[in-house]
Each structure stands twice: as C-alpha cells, then as structure tokens.
1. Residue check: is I81 more than 30 Å from I230 (Cα to Cα) and at pLDDT 90 or above?
2. Yes or no: region 51-58 includes at least one residue that is at pLDDT 90 or above, exposed (fewer than 15 other Cβ atoms within 10 Å of the Cβ) and closer than 28 Å to A213 by Cα.
3. Count, please, the residues in region 135-158 that happen to be under 16 Å from the mean Cα position of the chain (by Cα) and more than 22 Å from V197 (Cβ to Cβ).
4. If L152 passes every condition in (1) of a type in the set (A, V, I, L, M, F, W, C); (2) surrounded by 14 or more Cβ atoms within 10 Å (Cβ to Cβ); (3) over 22 Å from A71 (Cβ atoms) but one, which one does it miss?
5. So R109 clears everything in (1) in contact (Cβ under 8 Å) with a residue 24 or more places away in the chain; (2) closer than 26 Å to Y145 by Cα; (3) surrounded by 14 or more Cβ atoms within 10 Å (Cβ to Cβ) except one condition, right? Which one?
6. Which condition number in (1) touching a residue at least 12 places away in the same chain (Cβ under 8 Å); (2) part of a strand (DSSP E or B) is the one that Q10 fails?
7. Mind listing just one residue for me: the one in region 1-42 that is surrounded by 12 or more Cβ atoms within 10 Å (Cβ to Cβ) and of a type in the set (S, T, Y) and, of those, farthest from K201 (Cα to Cα)?
8. Checking Y173 against (1) over 20 Å from T4 (Cα atoms); (2) in contact with an Asp or Glu (Cβ under 6 Å, 6 or more places away or on another chain): exactly one of these is not met. Which one?
Amino acid sequence: FGATYIGGQQVGPNEAFPVLVGSMDGSGSLSAQLLHLLTPNIRAKLACQTQQSKFINWQLDAEFRGADYTAALTLGNPDVIMGSGIVVAHYLQSITTALALGGELVYHRRPGEEGAVLSLAGRYTAPDWIGTVTVGQAGAHATYYHRANEQLQVGVELEVSSRLRDSTVALGYQLELPRANLLFKGSVDSSWQVGAVLEKKLPPLPLTLALGAFINHRKDKFLCGFGLTIG
C-alpha cells in the first residue's frame with residue numbers, strides 16, 4: 001500500500017511542497033520520504049526505511065541552488081556512538097548555458113574501516129535531450145534522456161563497476177495521454193527486471209490512482225501494488 005501527500009506551497013506548474021510519500025508491504029515494513037523547500041534556494045529531503053519494527057536505513061539530503069551552481073550534501077545512516085556513516089558532497093558549476101561540470105566526494109566510515117572516493121561529472125543540456133556522465137575510481141555512470149514529443153519521453157542508463165567488473169543497462173519510458181488523464185511508465189534492465197506503472201487522475205476529485213507491477217525473471221520474483229495521491 002502506498003500514499004502521497006502534496007502541500008499547497010506552489011513553486012512551479014508541476015511542483016509543490018511539502019511532499020510526503022510512503023509505502024508499506026504486507027509484513028509491516030515501511031518506506032517513507034519527506035521533501036520540503038526550506039527557502040527559495042534550499043531544499044531538504046528525509047528518507048527512512050524500516051524492516052517491521054526496526055529502522056534499517058535513513059538518509060538526510062540538503063541542496064543549495066545558486067545562480068549558476070548547485071551544491072548538495074547527503075548524510076547516510078550516521079551513528080555517532082559507533083562512529084559510522086556515509087557523507088556525500090556534490091558540486092555542479094555551469095560553464096555555459098548548456099554545459100555543466102562538477103564533482104562528487106563520497107566518504108564512508110565504520111569500525112575498522114574508512115575511505116573516500118572522488119568522481120568527476122559532466123552534464124550537457126540540449127533543447128530536447130540531456131546527457132550526463134560520471135567517472136571515478138569506482139567506475140563510470142552515464143545517462144541519456146530524450147523528449148520525443150509532448151507525450152513521449154525515453155531514457156537509458158549505463159553503469160560500470162570497476163570493483164565488481166560488471167555493467168548494467170536500463171531503459172525507461174513515459175507516455176502521457178492528457179485527454180484520458182493517463183500516465184504510463186515502464187522500464188527494463190539487463191538483469192531482466194521489468195516494471196510498469198499506470199497513473200490515472202480522477203477528476204473532479206484531487207486524487208491520482210497508481211497501479212504498479214515489477215517482475216525479476218532471473219530471481220523469479222513478482223511484486224505488485226497500488227497507491228493513492230491526494231493533491
């Protein structure tokens with residue numbers, strides 16, 4: 001079961017804050033996210049995940065958007081008593097109106113182990129497509145997004161791990177039918193995991209019904225569910 005709450009702080013045609021998203025499976029495990037616009041330049045996100053009655057993951061993100069740059073900081077599972085956690089810092093600077101370059105620093109620590117990984121990133125934005133690439137000690141990551149027309153959007157993602165000596169490719173699409181108040185989303189990756197989501201607006205009520213299904217052919221696993229968005 002899933003539910004979404006969208007607040008009344010409108011900052012764009014399709015963007016409002018705060019946003020609260022949550023889902024729960026049959027065993028009682030919860031996954032939740034809270035997004036909020038603290039100031040016109042600062043956005044924050046809090047995410048947590050439980051396994052039945054135990055917290056297993058939580059993450060805090062803060063993003064600052066300047067006139068021609070973006071800086072972000074992420075804290076993952078910080079534990080002051082055990083002296084463990086993950087800190088991720090991002091910085092992206094606009095070089096031209098289309099090209100932006102930056103970097104990412106990941107620092108992790110746990111009892112008996114600590115380390116840092118530095119990556120360089122670039123993004124190119126064209127009128128109807130966006131390409132990104134990240135290269136670092138851990139491997140490489142590249143994405144390509146293309147808006148074919150007003151209804152259809154497609155994207156592809158490539159991830160290469162130098163440590164695992166493995167690579168994965170994922171392809172996704174989004175098809176919008178405004179007259180029918182329908183939105184289709186689908187994805188497939190190189191591990192033969194296929195997913196699809198159907199969203200249906202229910203006017204005149206401020207409700208959106210979502211139906212989703214995911215299947216992993218290699219692991220022979222199937223998941224399905226539904227959600228309701230208010231706002």
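The values are calculated or read from the model by the stated rules, or taken from the named source; none is laboratory data. Being a predicted model, the structure only gives us computed values, none of them experimental. For neighbour counting, all protein chains shown are included, and Cβ atoms are generated from backbone atoms with ideal geometry for every residue, glycine included.
1. For I81, the condition - more than 30 Å from I230 (Cα to Cα) and at pLDDT 90 or above - is not met.
2. Checking region 51-58: at least one residue is at pLDDT 90 or above, exposed (fewer than 15 other Cβ atoms within 10 Å of the Cβ) and closer than 28 Å to A213 by Cα.
3. Result for region 135-158: 3.
4. (2)
5. That leaves (2) as the condition not met.
6. Q10 satisfies all of (1) touching a residue at least 12 places away in the same chain (Cβ under 8 Å); (2) part of a strand (DSSP E or B) except (1).
7. Filtering first and then ranking leaves S29.
8. Failing condition for Y173: (2).
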